[in-house]
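S.K.: What follows is a structure written as structure tokens; I'll ask about it next.
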Amino acid sequence: LTNPIIHRRIKLTRSEAILNKVHSNCPTKIHKIEAEIDEFIANNAKHAHLAKEFVFFENVLIRKLVEFFETFKYITILEINSIQLSEFEFLGAIKPLTKLHELNLHRLRVYRNHNYKPFPLAIELPTTLTNLTLYMVSATSSPESFIKTINSHTNLLEFKCHSNNQNEFLNPFYKSYPTLKVFEYRNQYLNSHSLYDIIGFHPQLLSLDLELKCWNSALANHINHHLINLEKLTLRDVSNYNTNQTIIFLNFAQLTKIKKLNITCANLSSCSLESIFLKCPDLEELGLMHYNSYLCVSLNLSINFNMPIKIKKLTTDCNVLTESSFDKFLLRCSNLKILDIQLHRDLKPLIKLIATRCTNLEHLTIFSGMYLGHADTKAFYDELTTNSSFKSTLTYLALKRLNIIHSKAEYFESFTNIKRIVFLSTARTDMRKFKKSEAENSVWPNFKSTITEHDDGYDIELFKLAV
């Protein structure tokens, strides 16, 4: 707390154990936090100009909140995460931040407190603001000044919004917004017609990311017609219980500049693939994922064209292409360097295709849809390694739901350039067994490991040591 060196990010409060010890005279947690803020400001106000990034996730009294942000007014990147604020509190916190470049609001609930009268007036976000992210922001009791303030931006380069019902934040984009380059919007309840004007007004967009329940061919064609400068396009259809499973035709009518294309869809047409590769000559990264809808468990697209495929990275799952089409696809991808694939059915034939067709592969990530026992794991590695055409090129291998306890270093001896092997989402019991074998140096000699804990388990990352 008293360290005279402050880096870009600052931590406002210490751990709860320290708070209970240092501020033991304070009757409640909120009073302890406020005392901590007082001490923090007193000790560090002289360094305020050095603090550029701040993550705010504590509910504090408005007086302390305003005092803090008036002191640390040089913050350029602010994240407010998982709290609720009155409209008055939010406006009081934002108003001093005249140098703000990036504002990220995550799971923020803002409400109008009817005890504050007159109601606060809206303020204007600083003209320095270029990045705005709104993730599950909830505005209740009609906080009009909050919404008006959020919509007062004028120089955004990036706008990202994930919402269930707050469509008011789209209002600034129903007219030309010349600086905007990146637009990301995810809302399962938005009507697609609401996006037509936004798309038409912004031909300068370089990146578009949409997740909707209302995908249709007309909207896809509208994007292709107007957004002629797109370099990255992400389309996600999440209509899992939508009874209208009309086939979507992604028909590119003209050559595009798209380099990265990601499509998640339950009902994409096979001819869309031909259009993608014919009209996207600069395509380097392709994501083709199947959304498991209520009425459609797989896409099984077929490939009926012979043109070469120039992509360097492919992310897909085995429910997108038929096995024969997947074989044709890999045959045409002579430049493929990175493959990320989810396998939900029998792994063996698909692993054989990958091992024999991907001659220049450098990064491989495999997600198994089923847990494999010891015998199945050995069969998997035998198929992957015996006739692999990328033994000399593969440097990175990531495996999910492939048990590290059933794996060992000797499986990878033929991969001469392997540098990292990662086992994703390892269970706690398996992680303990791994640590025991590592201590005995019996299974993974010549590798060092790092273990990262997260909600789904543990990621165990193995680094090959130079011999």
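The values are calculated or read from the model by the stated rules, or taken from the named source; none is laboratory data. This is a predicted model, so every value here is computed, not measured. FYI the Cβ positions are ideal-geometry reconstructions off the backbone, even for glycines, and counts take in every protein chain you see.
S.K.: In segment 112-140, which residues are surrounded by 17 or more Cβ atoms within 10 Å (Cβ to Cβ) and out of contact with any Leu (no Cβ under 8 Å at 6 or more places or on another chain)?
M.R.: Result: ARG112, ALA139.
S.K.: Among the numbered criteria (1) in contact with a strand residue (DSSP E or B) (Cβ under 9 Å, 6 or more places away or on another chain); (2) under 18 Å from GLU323 (Cβ atoms), which single criterion is violated by ALA427?
M.R.: Looking at each condition in turn, ALA427 falls short on (2).
S.K.: Among the residues of segment 359-382, count how many are in a loop (DSSP other than H, G, I, E, B), among the hydrophobic types (A, V, I, L, M, F, W, C) and under 22 Å from ASP459 (Cα atoms).
M.R.: Counting residues in segment 359-382 that are in a loop (DSSP other than H, G, I, E, B), among the hydrophobic types (A, V, I, L, M, F, W, C) and under 22 Å from ASP459 (Cα atoms) gives 2.
S.K.: Run down THR450, THR356, THR385, THR416 and say which single residue is farther than 19 Å from GLN342 by Cβ, part of a loop (DSSP other than H, G, I, E, B) and touching a residue at least 12 places away in the same chain (Cβ under 8 Å).
M.R.: Testing whether each residue is farther than 19 Å from GLN342 by Cβ, part of a loop (DSSP other than H, G, I, E, B) and touching a residue at least 12 places away in the same chain (Cβ under 8 Å) leaves just THR416.
S.K.: In segment 237-260, which residues are part of a strand (DSSP E or B) and either at pLDDT 90 or above or more than 23 Å from THR316 (Cα to Cα) (or both)?
M.R.: LYS260
S.K.: How many residues are surrounded by fewer than 17 Cβ atoms within 10 Å (Cβ to Cβ), touching a Gly at 6+ places or on another chain (Cβ under 6 Å) and part of a strand (DSSP E or B) when one looks only at segment 419-447?
M.R.: Counting residues in segment 419-447 that are surrounded by fewer than 17 Cβ atoms within 10 Å (Cβ to Cβ), touching a Gly at 6+ places or on another chain (Cβ under 6 Å) and part of a strand (DSSP E or B) gives 1.
S.K.: Checking the condition polar (S, T, N, Q), closer than 28 Å to SER324 by Cα and in contact with a Lys or Arg (Cβ under 9 Å, 6 or more places away or on another chain), which residue from ASN224, ASN262 passes?
M.R.: Exactly one residue qualifies, and that residue is ASN262.
S.K.: Would you mind listing the strands (runs of 3 or more DSSP E) fully within segment 28-130 where at least 2 residues are within 25 Å of THR179 (Cα to Cα) and under 26 Å from the mean Cα position of the chain (by Cα)?
M.R.: Correct list: 77-81, 102-106.
S.K.: Pick out the one residue from PHE56, PHE68, PHE72 that is surrounded by 17 or more Cβ atoms within 10 Å (Cβ to Cβ) and closer than 16 Å to LEU134 by Cα.
M.R.: Just one listed residue meets the conditions, PHE56.
S.K.: Any chance you could count how many residues in segment 406-435 are more than 31 Å from the chain's Cα centre (by Cα) and aromatic (Phe, Trp, Tyr)?
M.R.: 1
S.K.: Sort out which residues of segment 148-176 are modelled with pLDDT of 95 or more and either β-branched (Val, Ile, Thr) or part of a strand (DSSP E or B) (or both), and write them in order of number.
M.R.: THR149, ILE150, THR154, GLU158, PHE159, LYS160, CYS161
S.K.: Applying the selection to segment 54-86, what residues are out of contact with any helix residue (DSSP H, G or I) (no Cβ under 9 Å at 6 or more places or on another chain) and more than 27 Å from TYR111 (Cβ to Cβ)?
M.R.: THR76
S.K.: Tell me yes or no: at least one residue of segment 395-405 is surrounded by fewer than 20 Cβ atoms within 10 Å (Cβ to Cβ) and more than 30 Å from the chain's Cα centre (by Cα).
M.R.: No: zero hits.
S.K.: Can you tell me which residues in segment 27-53 are farther than 21 Å from ALA17 by Cβ and crowded, with 20+ Cβ neighbours inside 10 Å?
M.R.: Selection gives ASN44 alone.
S.K.: Can LYS448 be described as among the basic types (Lys, Arg), closer than 30 Å to CYS333 by Cβ and under 31 Å from the mean Cα position of the chain (by Cα)?
M.R.: So LYS448 does not fit the description; no.
S.K.: Additional query: Is it the case that some residue within segment 234-245 is in contact with a Cys (Cβ under 8 Å, 6 or more places away or on another chain) and surrounded by fewer than 16 Cβ atoms within 10 Å (Cβ to Cβ)?
M.R.: yes
S.K.: Do the conditions hold for PHE326, that is, is it outside the structural domain of LYS436 (by TED's automatic domain parsing), modelled with pLDDT of 85 or more and outside any loop (DSSP other than H, G, I, E, B)?
M.R.: Yes, satisfied.
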